[in-house]
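The values are calculated or read from the model by the stated rules, or taken from the named source; none is laboratory data. Only a predicted model underlies this, so the values are computations on that prediction, with no experimental measurement involved. Neighbour counts are summed over all protein chains in view; Cβ atoms, including those assigned to glycine, are modelled from backbone coordinates with ideal geometry.
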Amino acid sequence: MTAFIRHLRAAWNYGKIMPYDSRADDPLAWTSEDAKWLHSMLQSQTGRKLLIKMRNYAMLVAAQSVCDPNNAIYRKDVAAGLFSSIAALEAFANLGATQEAQDEPQLEMVN
């Protein structure tokens with residue numbers, strides 16, 4: 001029972017540190033213009049550097065989880081969170097790429 005209370009208190013304190021933002025539920029919160037801007041930023045030199053740094057750090061943490069048995073579970077979870085964050089960032093950026101592809105005129109093949 002005390003473990004449950006400890007976990008409940010930890011979850012409550014986490015909610016204070018990282019409050020829920022209801023603006024994310026708004027369908028207009030992420031527009032196609034936002035996605036296009038993020039896609040163009042990630043395609044730039046700085047964006048590619050950012051993704052490389054994030055992937056390298058995630059790989060470093062994943063490797064440390066294999067090498068350090070004392071904190072293996074914690075580091076494995078951190079690495080999984082980093083990989084999920086990178087995937088979400090790329091997914092949001094790909095919304096912009098799909099919007100750009102839909103905006104471009106399609107050429108038809110004529111035989």
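Below are the figures for this structure:
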item: Subset of the range 35-64 [farther than 19 Å from Phe92 by Cα and free of Cβ contacts under 8 Å to residues at least 24 places away in the same chain]; result: Asn56, Met59, Leu60, Val61, Ala62, Ala63, Gln64
item: Some residue of the range 21-34 being among the small types (Gly, Ala, Ser), surrounded by 12 or more Cβ atoms within 10 Å (Cβ to Cβ) and modelled with pLDDT of 85 or more; result: no
item: Close pairs (9 angstrom Cβ cut-off, 6 or more residues apart or separate chains): in a helix (DSSP H, G or I) and among the hydrophobic types (A, V, I, L, M, F, W, C) in the range 65-86, at pLDDT 90 or above and exposed (fewer than 11 other Cβ atoms within 10 Å of the Cβ) anywhere; result: none
item: Condition met for Ser32 (out of contact with any strand residue (DSSP E or B) (no Cβ under 7 Å at 6 or more places or on another chain), over 14 Å from Leu89 (Cα atoms) and in contact (Cβ under 8 Å) with a residue 60 or more places away in the chain); result: yes
item: Yes/no for Ala97 being at pLDDT below 85, part of a helix (DSSP H, G or I) and either of a type in the set (D, E, K, R) or more than 21 Å from the chain's Cα centre (by Cα) (or both); result: no
item: Subset of the range 48-76 (residues that are out of contact with any helix residue (DSSP H, G or I) (no Cβ under 6 Å at 6 or more places or on another chain) and within 29 Å of Asp34 (Cβ to Cβ)); result: Arg48, Lys49, Leu50, Leu51, Ile52, Lys53, Arg55, Asn56, Tyr57, Met59
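Yes/no matrix, rows are residues, columns are (1) more than 18 Å from the chain's Cα centre (by Cα); (2) among the small types (Gly, Ala, Ser); (3) farther than 22 Å from Val78 by Cβ:
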position	(1), (2), (3)
Met1	yes, no, yes
His7	yes, no, no
Tyr14	yes, no, no
Met41	no, no, yes
Ile52	no, no, no
